[in-house]
Each structure stands twice: as C-alpha cells, then as structure tokens.
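Asker: Here's a structure for you.
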Amino acid sequence: MKLEARGVKKDFARGGNSGSVLEAVKPLDFSLESGELVEITGRSGSGKSTLLSMMAGMLVPTGGSICIDDTDIYSMKEEERSRLRNDRIGLIPQGHTALRSLTVLENVMLPFVLYHRETPPEDRAKELLQKVGLFGMKDERPNALSGGELRRMAVARALLMKPEVLLAD
C-alpha cells in the first residue's frame with residue numbers, strides 16, 4: 001500500500017472579526033509505503049496532528065489530495081472512507097478515545113464490531129492486550145486505567161484489524 005499526500009494543505013478560519021486564516025499545514029507532498037517507518041517531528045502547533053488526521057481520512061484537506069494506491073480517499077463518500085480507514089489504516093490518536101461504557105476488551109474489539117458481521121476476533125484482541133501488558137485489565141472500564149494504559153489500549157485497538165499502515169500521533 002502507498003499512502004500519499006499530494007500538495008495537501010489545511011487552513012482554519014480564525015474566530016473574531018479579523019477574517020484571518022490559520023495555515024495549519026502548508027502545501028506539502030508526503031509518501032508512506034507499507035513497511036516503511038517515518039517520523040514526523042516539529043514543535044507543538046506545527047500541524048503534525050492535523051497532517052495525520054488528513055492522512056487517516058478523518059479531516060478533509062483545504063487543498064491537494066490524499067491517495068491510497070493512487071485513489072483519492074476524499075473523492076470517496078464518507079461511509080466508504082470510514083470503511084477503508086477501518087480495514088486498512090490503524091490510527092493511534094493523541095488523546096484518549098476509549099468508550100467508557102465498554103470494557104477494555106470491548107474497546108479493543110470495537111473496530112471489528114463496527115463493520116463486520118462475523119464473530120469478533122476475541123482471541124486476537126486478548127493476544128494484543130497480553131502484548132501491551134493489559135490482559136489482566138481486560139474486564140475493567142477505561143476509567144480504571146492510567147493515561148499510559150489508555151495509550152497501550154489504543155495501540156492494541158489500532159492493530160486489531162492488521163492494518164497496512166499504522167499512524168501514531
């Protein structure tokens with residue numbers, strides 16, 4: 001799989017009467033192939049999270065395109081893009097995204113449950129929780145986890161579907 005940004009940029013309108021625009025991501029080209037490890041660095045507020053959100057298909061760019069294998073993901077309907085993201089892209093967001101009403105195990109299995117009608121891969125979810133050191137917490141609710149444990153749960157959830165690319169913020 002090739003994930004590619006072509007001239008992608010993101011602007012946000014500033015509040016108030018000034019009518020000014022914040023250029024969160026200046027036009028850039030970026031490419032990522034399956035199996036490749038790339039680190040994006042920069043100061044806080046430099047647009048790293050915004051770029052990753054666009055690359056993951058979650059935030060529509062102001063300009064340019066994000067392509068997977070030469071298909072512009074933003075030319076897809078939102079439902080198609082969501083399904084593609086669920087099946088092919090693992091995303092570890094910066095913040096905590098656990099659903100409080102679900103157990104740790106249920107949170108990890110959530111990507112599968114959203115789109116698949118088969119039996120959820122509980123064994124794989126448990127294996128991933130074991131690998132990230134949270135198997136003993138599988139029946140707990142997220143509010144019982146520390147910040148670091150919530151991050152490790154997010155890693156397990158992002159890996160559940162065996163994504164072709166993993167984006168970690």
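Asker: Can you give me the relative contact order of the stretch 24-124 as a percent, contacts being Cα pairs under 8 Å and 6 or more apart?
Answerer: Relative contact order, the stretch 24-124: 16 percent.
Asker: Please work out the C-alpha center-to-center distance from the stretch 40-84 to the stretch 120-136 and express it in whole Å.
Answerer: Result: 29 Å between the Cα centres.
Asker: Next question, about the same structure. Among 1-14, 72-85, 30-43, how do they line up by average Cβ neighbours within 10 Å per residue, starting with the highest?
Answerer: Highest mean packing first, the order is 1-14, 72-85, 30-43.
Asker: Over 18 Å between Cα atoms: which of Lys26/Lys48; Lys2/Lys131; Lys2/Lys162; Lys131/Lys162 fall into that group?
Answerer: Lys2/Lys131
Asker: Still on this model: Please give, to one decimal in nm, the separation of the simple spin-label points placed at Leu114 and Leu28, each 7 Å out from Cα toward the Cβ.
Answerer: For Leu114 paired with Leu28, the spin-label model returns 2.5 nm.
Asker: So, in nm, how far is label Glu36 from label Asp139 when the simple model puts each one 7 Å beyond its Cα toward the Cβ?
Answerer: 4.6
Asker: Over 10 Å intervals from 0, what percent of Cα-Cα pairs in the stretch 1-138 sits in each interval?
Answerer: 10, 32, 32, 21, 5, 0
Asker: Could you compute the net charge surrounding Leu129? Neighbours are other residues with a C-beta less than 15 Å from the C-beta of Leu129; K and R count +1, D and E count -1.
Answerer: Taking every Cβ under 15 Å from that of Leu129, the sum is +1.
Asker: Oh, and also: Relative to a virtual label point 7 Å from the Cα of Asp72 in the Cα→beta-carbon direction, which members of the stretch 41-61 show backbone nitrogen distances below 20 Å?
Answerer: Answer for this model: 51-61.
Asker: Next question. For the chain, what is the calculated [θ] at 222 nm in deg cm²/dmol (nearest 500), taking -39500 (n - 2.57) for each run of four or more DSSP H residues and dividing by its residue count?
Answerer: When only DSSP H runs of four or more count, the value is -9500 deg cm²/dmol.
Asker: Using packing as a proxy for protection, rank 152-165, 93-106 so that the peptide with the highest average count of other Cβ atoms within 10 Å comes first.
Answerer: 152-165, 93-106
Asker: Give me the Kirkwood hydrodynamic radius of the stretch 1-69 in Å, from all C-alpha pairs, to one decimal place?
Answerer: 12.8
Asker: Normalised radius of gyration for the stretch 63-169, please: alpha carbon Rg relative to 2.2 N^0.38 Å, two decimal places.
Answerer: After normalising by residue count via 2.2 N^0.38 Å, the value is 1.12.
Bear in mind that the values in this text are calculations on the coordinates, not laboratory data. Quick caveat, the model's predicted, so the values are computed rather than measured. So basically every Cβ, Gly included, is an ideal-geometry build from the backbone, and we count neighbours across all protein chains shown.
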